[in-house]
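**Q** If you scroll down you'll find the structure; I have some questions about it.
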Amino acid sequence: MTIEPTAPPPRANADLLGHEAVEAALRQNFDAGRLPHALLLSGPRGIGKATLAFRLARYVLSAPGEGVLLDMFGAPAAGPVGGLAVPPTSDVFSRVASGGHADLRTIERAYDTARRRLRGEIVIDDVRKISGLLRRTAGEDGWRVVIIDGADEMNRNAANALLKILEEPPQRALLILVAHSAGRLLPTIRSRCRHIPLSPLPDAVVRDLLSRYCPDLDGKEAEVMAALAEGSIGRALELTVSGGVELASTLTAMLTRRGGIDVLALYDFAERLARPDAEDSYRTVEELLGQHLARLAIAAARRGTRAEAARWARVRGEIGNHFARANGLNLDKKQAIMGAVFAIERAAA
C-alpha cells in the first residue's frame, strides 16, 4: 500500500522527538551565553537534524536578551521545559517556515533548471550568500543565523569559502552545519565547529511519528517500516511513498526461496522497477539490498564467523559500486537489479 505522508518540511516542523537531551543542552548553553559560533549536527539521514537546526534557529531569533521567548504577558512562552519550542502561532515561526526571515539564511543544493533536478553539490556561489548576511547588522537587532543543510555536499571551493567565514566569525552570528556524513567535511571545518552527533531514533519514536504523519497506515505495516527504517523517520516516510513493505517482502521471498532464485519472477520484478514512473521504488530496492547485506554481515560477525562477515561486507561494497556505476552512467536499471540479486545468490552458495 502506498500512502502520501503529511509531514511538514523541517523549517515548518513544530515537532521534534528523540533528541530531548541535545535540545536541552543547546538551550542551556544559549541561555548562559556559552553557545559556540558554529555547530555541526551529524547523523544518518532522516533522524531530525535539519528539524533541530530550524528549531534552534527559531529560538535564537525569537529570544530577547538571554534567549527566553516571552509571551504577551512577559512570562516564558509555553513549551517543553528546557526545550527550544517556539509556538507555531508566533511571527518568527511563520517567517522561518516561509523563508522570509531577514536574519536567517538557508544554504542547500540549488535546483538546476537545465537538468530539472537538484544539483549534485553545494557550490561556491551558494556559500557566498552567507557573507551578505554576516556583513550587515541583524535586521531585528538580534542574532543572524545560517543553516547549511547538507554541508557534506559542498564541493572543495564552497568548503574553502566557508572555512574563511569560520576563521573570523562575526559577533552574534550562529552557523549550523547539518551533515549526514561528517567525515566528508574538511578537518579544518570540523575543528572550528562544536560537533554534535545525533543518534538514530528508537523504533517506538519512529512508530509514533508515523502515526502522526500517516494516520491511515496499518499498525502492522508501521511496525515493519519502523524496523526497515533503522531509526530514520525520513526513511520510514520514503518507504510509505514507495510501497516499501511490499518491496521488502518480495525481496525476502526471492532471496530465501528454496531451490534458488525464480528467474522469471526476478525478471518481472526488475522490469517493473525499471519503468520511468518507478524511480522511488527502484531507489528503495537499492537501499533494501544494502540493508539486507549489512544485516547478514552483522549476524555473521556476532556468530564469530569472521570470514563470512567479511564476505558479506565485500559483496555489499561490490553491489554498492555496481549501482553507483549503473546510476552514474544511466545504464539499464533492470540489469542492475538482476545483477545485484544474482550476486547475493552466488555469495550465499
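The values are calculated or read from the model by the stated rules, or taken from the named source; none is laboratory data. Because the structure is predicted, anything quoted here is derived from the model rather than measured. Every residue, glycine as well, gets a Cβ built from its backbone with ideal geometry; the counts of neighbours run over all protein chains shown.
**Q** State whether one or more residues within the stretch 333-344 are within 19 Å of Pro44 (Cβ to Cβ), assigned by TED's automatic domain parsing to the domain that holds Ala253, hydrophobic (A, V, I, L, M, F, W, C) and buried (at least 17 other Cβ atoms within 10 Å of the Cβ). Give the derivation first.
**A** To start, the set of residues in the stretch 333-344 that are within 19 Å of Pro44 (Cβ to Cβ) comprises none.
No, because not a single residue in the stretch 333-344 is within 19 Å of Pro44 (Cβ to Cβ), assigned by TED's automatic domain parsing to the domain that holds Ala253, hydrophobic (A, V, I, L, M, F, W, C) and buried (at least 17 other Cβ atoms within 10 Å of the Cβ).
**Q** List pairs: first residue in the stretch 293-313 and in contact (Cβ under 8 Å) with a residue 40 or more places away in the chain, second residue hydrophobic (A, V, I, L, M, F, W, C) anywhere in the structure, Cβ distance under 8 angstrom, at least six positions apart or on different chains.
**A** Matching pairs, first to second residue: Leu293/Trp312; Leu293/Ala313; Leu293/Val315; Leu293/Ile319; Leu293/Ile344.
**Q** While we're looking at this one, here's another question. Scan the stretch 253-274 residue by residue and report those that are without any contact (Cβ under 8 Å) to a residue 40 or more places away in the chain and touching a helix residue (DSSP H, G or I) at 6+ places or on another chain (Cβ under 9 Å). Working first, answer last.
**A** As a first pass, look at the stretch 253-274 and keep what is without any contact (Cβ under 8 Å) to a residue 40 or more places away in the chain: 253, 256-259, 262-265, 268, 272.
Matches in the stretch 253-274: Ala253, Arg257, Asp262, Val263, Ala265, Arg272.
**Q** Looking only at the stretch 40-47, decide whether some residue is of a type outside the set (Gly, Ala, Ser), at pLDDT below 95, within 30 Å of Leu228 (Cβ to Cβ) and touching a helix residue (DSSP H, G or I) at 6+ places or on another chain (Cβ under 7 Å).
**A** Yes - at least one qualifying residue is present in the stretch 40-47.
**Q** Another question, then. Which helices (runs of 4 or more DSSP H) sit wholly inside the stretch 193-243 and have at least 3 residues that are farther than 30 Å from Leu162 by Cα, in contact with a Cys (Cβ under 7 Å, 6 or more places away or on another chain) and modelled with pLDDT under 85?
**A** On the way: elements: 203-213, 219-229, 233-242.
Because the criterion is at least 3 residues that are farther than 30 Å from Leu162 by Cα, in contact with a Cys (Cβ under 7 Å, 6 or more places away or on another chain) and modelled with pLDDT under 85, no helices (runs of 4 or more DSSP H) in the stretch 193-243 meet it.
**Q** For residues that are closer than 21 Å to Gly231 by Cα, in a helix (DSSP H, G or I) and either in contact with an Asp or Glu (Cβ under 8 Å, 6 or more places away or on another chain) or of a type in the set (D, E, K, R) (or both), tally how many sit in the stretch 12-33.
**A** 2
**Q** Let me ask something additional. For the stretch 116-124, does any single residue satisfy the condition of being in contact (Cβ under 8 Å) with a residue 24 or more places away in the chain and either touching an Asp or Glu at 6+ places or on another chain (Cβ under 6 Å) or under 30 Å from Asp91 (Cβ atoms) (or both)? Step through it out loud before you land on a result.
**A** Initial filter on the stretch 116-124 (in contact (Cβ under 8 Å) with a residue 24 or more places away in the chain): 120-124.
Next cut, either touching an Asp or Glu at 6+ places or on another chain (Cβ under 6 Å) or under 30 Å from Asp91 (Cβ atoms) (or both) only: 121-122.
Yes: the stretch 116-124 contains one or more residues that are in contact (Cβ under 8 Å) with a residue 24 or more places away in the chain and either touching an Asp or Glu at 6+ places or on another chain (Cβ under 6 Å) or under 30 Å from Asp91 (Cβ atoms) (or both).
**Q** Are there any pairs, at least 6 apart or on different chains, whose C-beta atoms fall under 6 Å, with the first in the stretch 13-38 and within 24 Å of Pro202 (Cα to Cα) and the second polar (S, T, N, Q), and if so, which?
**A** Asn13/Thr51; Leu16/Thr51
**Q** Kindly establish whether Ala349 is free of Cβ contacts under 8 Å to residues at least 40 places away in the same chain, surrounded by fewer than 17 Cβ atoms within 10 Å (Cβ to Cβ), closer than 26 Å to Ala227 by Cβ and not acidic (Asp, Glu). Working first, answer last.
**A** Values: free of Cβ contacts under 8 Å to residues at least 40 places away in the same chain: yes; surrounded by fewer than 17 Cβ atoms within 10 Å (Cβ to Cβ): yes; closer than 26 Å to Ala227 by Cβ: no; not acidic (Asp, Glu): yes.
Taking the combined requirement at face value, the residue does not satisfy it.
**Q** Determine, yes or no, whether Ala161 is among the small types (Gly, Ala, Ser) and assigned to a loop (DSSP other than H, G, I, E, B). Show your work before the answer.
**A** Values: among the small types (Gly, Ala, Ser): yes; assigned to a loop (DSSP other than H, G, I, E, B): no.
No, not satisfied.
**Q** Continuing with this model, one more query. Please find, among Ser249, Ser242, the residue that is in contact (Cβ under 8 Å) with a residue 24 or more places away in the chain and either polar (S, T, N, Q) or assigned by TED's automatic domain parsing to the domain that holds Gly46 (or both).
**A** On the way: Ser249 fails: in contact (Cβ under 8 Å) with a residue 24 or more places away in the chain.
Going through Ser249, Ser242 in turn, just one is in contact (Cβ under 8 Å) with a residue 24 or more places away in the chain and either polar (S, T, N, Q) or assigned by TED's automatic domain parsing to the domain that holds Gly46 (or both): Ser242.
**Q** Still on this structure, please answer the following. Among Ile189, Ile148, which is closer than 19 Å to Gly43 by Cβ, part of a strand (DSSP E or B) and modelled with pLDDT of 95 or more?
**A** On the way: Ile189 fails: part of a strand (DSSP E or B).
Result: Ile148 is the single residue among Ile189, Ile148 that is closer than 19 Å to Gly43 by Cβ, part of a strand (DSSP E or B) and modelled with pLDDT of 95 or more.
**Q** Modelled with pLDDT of 95 or more, within 29 Å of Ser62 (Cα to Cα), over 20 Å from the mean Cα position of the chain (by Cα) and surrounded by fewer than 15 Cβ atoms within 10 Å (Cβ to Cβ) - does that describe any residue in the stretch 164-186?
**A** No.
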